[in-house]
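These notes are about the structure you will find just below.
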Amino acid sequence: MIKLQSTHALRWGIWVCALSAVVLGCSNPQPSDVPTVVILGAASTKDLLEEISAAAEDSLDGAVKIEISTGPSHALAQQILSGAPADLYVSANRKWAEAIEAADMASESVDWLANRIVVIVPAKSELKINSLEDLTSDQVKRVAIAGENVPAGIYAKQALSYYELWEPLNASGKIIRGHDVRSTLAYAERGEVDAAIVYATDARLTDQVRVIAELEPDSHSPVVYPLVKLRSAAYAPKQVYQFYLSDAARKIAESYGFQALSTAKGKE
């Protein structure tokens, strides 16, 4: 009888402890949710942002989670200006970063990276396109550049105008617009255009195209990628922002063909 009472008491005690753990939280405390840092970045930085963000998460021992969304710089900037949630913004030109700063939505910013503009053709193209001037030849039917509000498209038009090629190419209907620079690259990869103008870093990502010319820096505005930290009371975005400016991030950027810059502007 005594043994049976002891067993019943033991089982009762285990049940009470389990109930207490659920109701009163007497078990080991569960870790709080990991803060998420949202980065909106220019399409040309997609692969770069993914690698740097993975390195940042490792460096911060999983203390933050980073989510990345890429697309045309102007569209992302407009999303931010309209109130879309974001912590960091990477633009492919200063114009859209300055628009965010002018709206007093940035706490810090830096001219983070630089890039170059190149002319590419499909790797298997048999057309004799060896220079920028060859784009006006009768054999060339379609030349792809990014959209008119997309930085890569703006730089491409500036360069073609500098070389006095914009008017003849546009008037002849040869200009094809891509949604962003990556879709412009894809046109050339698939052989849907005879040539395209993209960033040098994009051309490095694929063996489906080859570079036939690099545009002179004086032919277009400087290709600068500002990194903008948006106003936030949270500390996690600051940690990620600082990692993006670290030597580790710089080495990753240079491995993709970007040139690292360092002109920071703090507003906090």
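The values are calculated or read from the model by the stated rules, or taken from the named source; none is laboratory data. In this text the structure is predicted, and so the values were computed from the model without any measurement. Quick reminder, even Gly has a Cβ in these numbers, built from the backbone with ideal geometry, and neighbours come from all protein chains shown. The area values use the complete protein model at the heavy-atom level, side chains included, leaving out ligands, DNA and RNA. Shrake-Rupley method; radii C 1.70, N 1.55, O 1.52, S 1.80 Å.
Built from the Cα atoms of the range 217-260, the convex hull projects on average onto 4.0 nm², one quarter of its surface area.
Stretched out fully, how many nm does the piece from LYS124 to SER69 gain, at 0.36 nm a residue minus the Cα gap? All intermediate terms of the calculation are to be shown ahead of the outcome.
Working: separation 55, 0.36 × 55 = 19.80 nm, distance 3.20 nm.
Here the segment from LYS124 to SER69 would lengthen by 16.6 nm.
Here, the range 106-195 has an Rg and a Dmax of 14.2, 51 Å when only alpha carbons are counted.
Around the Cα centre of the chain, unit charges on the Cβ atoms of Lys, Arg, Asp and Glu (plus for the first two, minus for the last two) sum to a dipole of about 880 debye.
What does the net charge come to around ALA186 if you take all other residues with beta carbon closer than 11 Å to its beta carbon, with K and R at +1 and D and E at -1?
Numbers: positive: ARG182, ARG190; negative: ASP180, GLU189, GLU192, ASP202.
Result for the local shell: -2.
Dividing the summed helix terms, -39500 (n - 2.57) for each DSSP H run of n ≥ 4, by the number of residues in the chain produces a 222 nm estimate of -11500 deg cm²/dmol to the nearest 500. Of the residues LYS95, LYS46, the one with the largest accessible area comes first in the ranking LYS95, LYS46, computed with a 1.4 Å probe on protein heavy atoms.
With viscosity 1.306 mPa s and temperature 10 °C, the Kirkwood radius over alpha carbon pairs of the range 163-240 converts through Stokes-Einstein to a diffusion coefficient of 102 µm²/s. Annotation: extensible slack from LYS95 through SER82 equals 3.0 nm (criterion: 0.36 nm per residue apart, minus Cα-Cα distance). Annotation: per residue accessible area for the chain equals 51 Å², rounded to a whole number [probe 1.4 Å, protein chains only].
Taking Rh as the Kirkwood radius computed over C-alpha pairs, what is the Stokes-Einstein D of the range 119-268 at 20 °C in a medium of viscosity 1.002 mPa s, expressed in µm² per second?
Stokes-Einstein gives a translational diffusion coefficient of 126 µm²/s.
Ranking TRP96, TRP112 by solvent-accessible area of protein heavy atoms (1.4 Å probe, all protein chains present), from largest to smallest, gives TRP96, TRP112. Look at where the Cα atoms of the range 44-87 and of the range 98-156 average out, and the two centres are 22 Å apart. Listed by chain and number, the aspartates and glutamates whose C-alpha is less than 14 Å from the C-alpha of LYS65, apart from same-chain residues fewer than 8 away, are ASP33, GLU50, GLU51, GLU57, ASP87. At q = 0.08, 0.11, 0.16, 0.17 Å⁻¹, what is the base-10 log of I(q)/I(0) for the chain according to the Debye formula with one equal point scatterer per Cα and no solvent? Please give it to two decimals. So the normalised log intensities work out to -0.42, -0.66, -1.13, -1.23. Since only VAL209, PRO226, GLY71 are under comparison, the one whose Cα sits farthest along the positive direction of the charge dipole of the chain, derived from C-beta charges on Lys, Arg, Asp and Glu, is GLY71.
Sorting the segments 174-180, 144-150 by their mean number of nearby beta carbons within 10 angstrom, highest to lowest, gives 144-150, 174-180. Out of every Cα-Cα pair in the range 36-149, what percent are more than 26 Å apart? It works out to 38 percent of all Cα pairs.
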